[in-house]
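Asker: Dropping a structure here in structure tokens format, bear with me for questions.
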Amino acid sequence: MRGKRLRFFAAGVLALSLVAAACSNDDEGGGGGSTGGGGECASTDQVTLQLQWFIQAQFAGYYAAQDQGFYADQCLDVTIAEGGVDIVPQQQLADGAADFAIAWVPKALATREAGANIVDIAQVFQRSGTLQVSFADSGITTPADFSGKTVGNWGFGNEYEIFAALAQANLDPASDVTLVQQDFDMSGLLSGDIDAAEAMIYNEYAQVLETMNPDTGELYQPSDLNVISYEEDGVGMLQDAIWADGGRLESDDAYRDIAVRFLTASLQGWAYCRDNVQACTDLVVAQGSKLGASHQLWQMNEINQLIWPAADGVGVINQEAWDRTAELAQNTPNLEGTTVLTAPPDADAFTNDIINEALTKLQDLGVDTTGDTYQPIEVTLNEGGA
């Protein structure tokens, strides 16, 4: 089949357990395990990470940390719990079913405002990957062009940037556009039922580009589409972050120490995937992802571009990006006229203290934590993502 260069989206993961046979110890240990760095583990700490979607390259860094022994080096035995449509990762964390969770910032802040003491301890994705995709002949090139159109979204908190773009364009979501619930694919756009479909740059956008265009007998090309990037439009919100239990961070020194070691190993995994794109793609495919190999390679390449380069250091929460996300969440009305947040997040909603400790450990290990010279690869997408 004829190949196609594309971009790919990710989200989701399967419950796995990594058993650490040998871990390292730098005599800074807190809790049952050690902090890693040179000897064998006195003991190993059990950790559960809750993902927010099914297995795919969106979470490759955590699987790499498992596969490459980075968690084991930090004296951790990590279970990676797959997400899904009905799983709210930050609520799993708040309920004590997980020790850490991957969640988009506005969704997690809404859960925090509702009473859950959860804290962003690492902002893995530095940029938003949300797009709105339409066909080139639709005339939709800016959010202002949504007027009178049928605009798809997934709901479940994935629609916040769409409402922010509508507000910025002075469009009333209740009367100026027709908003429809979209499946987690691009079938509505391809069938003509939706004029502009929500897509992640690392997933659904690629699903279109790996589809045969019936008019040409070839795969759809980027030139066949109009793409609105909410990041470029100024309404992108922070997405995949690592969230921890705020109460335990304050009261349990052992948990805090585990958090530092967990971030150290996880971000070492993401650095590995930056430098070993094909290997991490193969790893995710081997874990049982239902998405094809070329689609996963596209996704891995695009995910890397949301993380790297990381000028402040991978995982550091940028105050300006945080404030923009919080302000949009407070000031963007939905169909009912309500907003995601009713007040600014309190100062304890995020901390860079733990990620800064992890970055020091990574630098001691010789890991590049900024990726200043990172360059994406070129990906050829095959029909159906095969």
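Laboratory data are not the source of any read-out in this text; all were calculated from the coordinates shown. Everything quoted here is computed from the prediction, not taken from an experiment. Note that we place each Cβ from the backbone using ideal geometry, even for glycine, and neighbour counts take in every protein chain shown.
Asker: Identify the residues of region 292-331 with backbone N under 20 Å of a label point that sits 7 angstrom from the Cα of Thr380 along the Cα-to-Cβ direction, or state none.
Answerer: Only 292-302 pass the distance filter.
Asker: Sticking with this one: Please give the FRET efficiency for Ser251 paired with Glu327, using the beta carbon to beta carbon distance and R0 = 30 Å, rounded to the nearest 0.05. Kindly include the intermediate steps, with their values, before the conclusion.
Answerer: Numbers: r = 31 Å, r/R0 = 1.04.
Between Ser251 and Glu327 the formula returns 0.45.
Asker: Using modelled amide H (1.01 Å from N, peptide plane; none on Pro or chain starts), what sits under 5 Å from the amide H of Asp45, excluding residues fewer than 5 places away?
Answerer: Hits under the 5 Å cutoff: Gly33, Leu76, Asp77.
Asker: Continuing with this model, one more query. Using only DSSP helix segments of four residues or longer, with each worth -39500 (n - 2.57), what per-residue ellipticity at 222 nm results for the chain after dividing by its residue count and rounding to 500? Show your work: numbers first, answer last.
Answerer: Details: 13 runs with 126 residues, N = 386.
Mean residue ellipticity, 222 nm, calculated: -9500 deg cm²/dmol.
Asker: Turning to a different aspect of this structure: Using the Kirkwood radius over C-alpha pairs as Rh, can you work out the diffusion coefficient of region 112-217 via Stokes-Einstein at 37 °C, viscosity 0.692 mPa s, in µm² per second?
Answerer: Details: Rh = 15.2 Å.
My calculation gives 216 µm²/s for D.
Asker: Distance from a point 7 Å along Cα→Cβ of Asp176 to each backbone N in region 323-356: keep the residues under 14 Å and list them by number.
Answerer: 332-335
Asker: What's the extension gain from Ala279 to Asp185 if we count 0.36 nm per residue and subtract their Cα-Cα distance? All intermediate terms of the calculation are to be shown ahead of the outcome.
Answerer: On the way: separation 94, 0.36 × 94 = 33.84 nm, distance 2.62 nm.
Separation in residues times 0.36 nm, less the Cα-Cα distance, equals 31.2 nm.
Asker: Cα atoms only, the chain: Rg and Dmax in Å?
Answerer: Answer for the chain, Rg first and Dmax second: 20.6, 66 Å.
Asker: While we're looking at this one, here's another question. Could you please tell me the mean projected area of the C-alpha convex hull for region 251-364, averaged over all directions and given in square nanometres to one decimal? If you can, show how the numbers build up before the last one.
Answerer: Values: hull surface 41.9 nm².
The number I arrive at for region 251-364 is 10.5 nm².
Asker: Separate question: For region 327-386, what is the per residue volume of the convex hull drawn over the alpha-carbon atoms, in cubic angstrom? Present the calculation step by step, with values, prior to reporting the outcome.
Answerer: On the way: hull volume 12.9 nm³, N = 60.
So the per-residue Cα hull volume is 214 Å³.
Asker: Distance in nm between label sites at Asp372 and Asp86, each 7 Å beyond Cα in the beta-carbon direction?
Answerer: If labels sit at Asp372 and Asp86, their model points lie 5.0 nm apart.
Asker: In whole angstrom, how far apart do the alpha carbon centroids of region 179-199 and region 244-284 sit?
Answerer: Distance between centres, Cα-based: 35 Å.
Asker: Here's another thing I want to ask about it. Please report, ordered by residue number, every helix of the chain (full DSSP H runs) that is 30 Å or longer along its axis going by C-alpha atoms and whose mean Kyte-Doolittle hydropathy reaches 1.0.
Answerer: Working: long enough: 253-275 (33 Å, -0.18).
Both cut-offs are met by no helix.
Asker: Further question: So between Ala293 and Ala136, what do we pick up on full extension, going 0.36 nm a residue minus the alpha carbon distance? Can you show the working numbers first?
Answerer: Working: separation 157, 0.36 × 157 = 56.52 nm, distance 2.78 nm.
Stretched out fully, the Ala293 to Ala136 stretch lengthens by 53.7 nm.
Asker: Okay, next question. As an exercise, find the ratio Rg/Rh for region 37-92 from alpha-carbon atoms, using the Kirkwood inverse-distance average for Rh.
Answerer: Numbers: Rg = 13.0 Å, Rh = 12.4 Å.
Using only Cα positions, Rg/Rh for region 37-92 is 1.05.
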